[in-house]
Amino acid sequence: MPATVIVGAQWGDEGKGKIVDLLALDSDFVCRYQGGPNAGHTIVVDGETFKIRQIPSGVLRGKTCVIGAGCVVDPEVFLTEVDELESRGVSTGVVHLSGEAHLIMPWHVAIDQASERRLGKLQIGTTRRGIGPCYADKAARLGIRVQDLLEPKILRQKIEVALAEKNVWLERVYGVPPLALEEIAAQLESFAQRIRPYVSDTSLLVDQALREGREVLMEGAQGTLLDLDHGTYPFVTSSNTVAGNAATGIGIGPNRIDRVIGIAKAYVTRVGEGPFPTEIEGPDQERVRELGGEFGTVTGRERRCGWLDLVALRYAVRLNGITSLALTKLDVLSHFAELPVCVAYRLRDGSETYGPRVRRVRRGGARCRDFARRHRRGARERRRAALIEDQARPLTAHAFAPSVNAPSGSPSRRRHSSRNAARRSASSDKVYAPAGPTPAVNGSQ
């Protein structure tokens, strides 16, 4: 049975948790393929509100939950979440933690916080939870993995080696006190004893489930525009959030993925610094924030709010290969008489990009804050004009049935290609394959 990927189509906070919770009812496995405890889901079940940061939200439905190798895990946050769920009657015996996932250590948090302070006005706006430094150590092959918790001697050696280097950075670069080896080693060993029962070969577990025809749901922690490679760099997260990374983060082949469901709000929000083309100016910003409850699940920070950005949304559809789109929080916009929608970006040279191409500004062309209905009306007029022109042109049998033996340069083949090109041009406004959401703006969280 193929797997389904749930991916955020904006800058995160699109309401993925609600959709995952809904689809989990008909799923057997719910898997997290990337990210750490810097992003959370707010789920309401039977009138109870749960705010989950590390464990997949399928745990609330009693589904088998997997934290994949592409995730980073804060052992203290993980165990705090386990204790909270158990205290509220939710069993965590269904949770499986990949031994290949990396651990967020105390020095990662310290470096993350010190780095943001040092950058001052140039800071990226991270959650300061140690996510970036942990992924950096993973790439540098200096990380400590969950499976290291199974071997106390190896764990101790790795802590000593890593801490010797990190304390130099903390003292000499960031000017903060060093961390104590014995304190960290003792704390981590106490965590290890409780985490060990959750450690599994999650790649094999998910593969077996798929072979048995079971329903597997895979979710990411952030949105497409925070992807490390394809987002608004450097204001991005530290891992790949796009659907293509689901196979890597869980440890299955990409051909096992059948559906990609994108989640988007009827407006747009983002947390932290970085470009935001449709950010609302004036009192409507605060109004949308209050109506939508736009405050971070983990940090409580205010989210920046903007109108729906269709250029960025088309970009997300193309990047992820989205097969279905779920739109959330439509009710928030019912309080507004008019709804601006971004259909194009105007670049510095006066041209406009609609996603798949760049066109010169023409009289009556759509602008970034025009209403979508004006853009649709103009598109209909262009298609009608192209259709009239096409009908006025004399037709020949060759235009519809060119000889299979005709050479590529023959008149019949050229007429056929010309007619197809005219039809493609007439329906060009139906093509949504954008080249990127921020072609003229500097690099998001």
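The values are calculated or read from the model by the stated rules, or taken from the named source; none is laboratory data. Keep in mind the model is a prediction, meaning the values are calculated, not measured. Cβ sites come from the backbone with ideal geometry, for glycine too, and all protein chains shown count toward neighbours.
A few notes on this one:
- Among the candidates Val30, Val66, the residue that is among the β-branched types (Val, Ile, Thr), within 24 Å of Leu204 (Cα to Cα) and touching a Phe, Trp or Tyr at 6+ places or on another chain (Cβ under 8 Å) is uniquely Val66.
- Members of segment 233-259 that are modelled with pLDDT of 95 or more, more than 23 Å from Asp201 (Cβ to Cβ) and more than 12 Å from the chain's Cα centre (by Cα): Arg259
- Cβ-Cβ distances below 6 Å connect the following pairs, each with a first residue in segment 163-184 that is at pLDDT 90 or above, a second residue that is part of a loop (DSSP other than H, G, I, E, B), and a separation of six or more residues or different chains: Asn167/Pro178; Leu170/Val176; Leu170/Pro178; Glu171/Pro178.
- Residues within segment 90-111 that are more than 20 Å from the chain's Cα centre (by Cα) and not in a helix (DSSP H, G or I), tallied: 14
- Selection status of Asp331, closer than 26 Å to Val5 by Cα, at pLDDT 90 or above and exposed (fewer than 14 other Cβ atoms within 10 Å of the Cβ): yes
- For Glu281, the requirement of being assigned to a loop (DSSP other than H, G, I, E, B), surrounded by 15 or more Cβ atoms within 10 Å (Cβ to Cβ), modelled with pLDDT under 95 and over 16 Å from the mean Cα position of the chain (by Cα) is not met.
- In summary, strands (runs of 3 or more DSSP E) completely within segment 35-89 and bearing 3 or more residues that are over 14 Å from Gly17 (Cβ atoms) occur at 64-67.
- All positions within segment 250-268 that are out of contact with any Ser or Thr (no Cβ under 8 Å at 6 or more places or on another chain) and either of a type in the set (Ser, Thr, Tyr) or buried (at least 17 other Cβ atoms within 10 Å of the Cβ) (or both): Arg256, Tyr267
- Given (1) among the aliphatic types (A, V, I, L, M); (2) farther than 15 Å from Ala9 by Cα; (3) touching a strand residue (DSSP E or B) at 6+ places or on another chain (Cβ under 8 Å), number of the condition Val242 does not satisfy: (2)
Table: residues versus (1) assigned to a loop (DSSP other than H, G, I, E, B); (2) buried (at least 24 other Cβ atoms within 10 Å of the Cβ).
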{"residue": "Ser203", "(1), (2)": "no, no"}
{"residue": "Leu228", "(1), (2)": "yes, no"}
{"residue": "Thr248", "(1), (2)": "no, no"}
{"residue": "Gly274", "(1), (2)": "yes, yes"}
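- Subset of segment 18-34 (residues that are in a loop (DSSP other than H, G, I, E, B) and buried (at least 19 other Cβ atoms within 10 Å of the Cβ)): Ser27, Tyr33, Gln34
- Inter-residue pairs, beta-carbon under 6 Å, first closer than 30 Å to Ala180 by Cβ and in segment 86-109, second charged (D, E, K, R) and part of a helix (DSSP H, G or I), 6+ apart: His102/Lys138; Trp107/Lys166
- Single unsatisfied condition, Pro178 versus (1) surrounded by 13 or more Cβ atoms within 10 Å (Cβ to Cβ); (2) in a helix (DSSP H, G or I); (3) not hydrophobic (A, V, I, L, M, F, W, C): (2)
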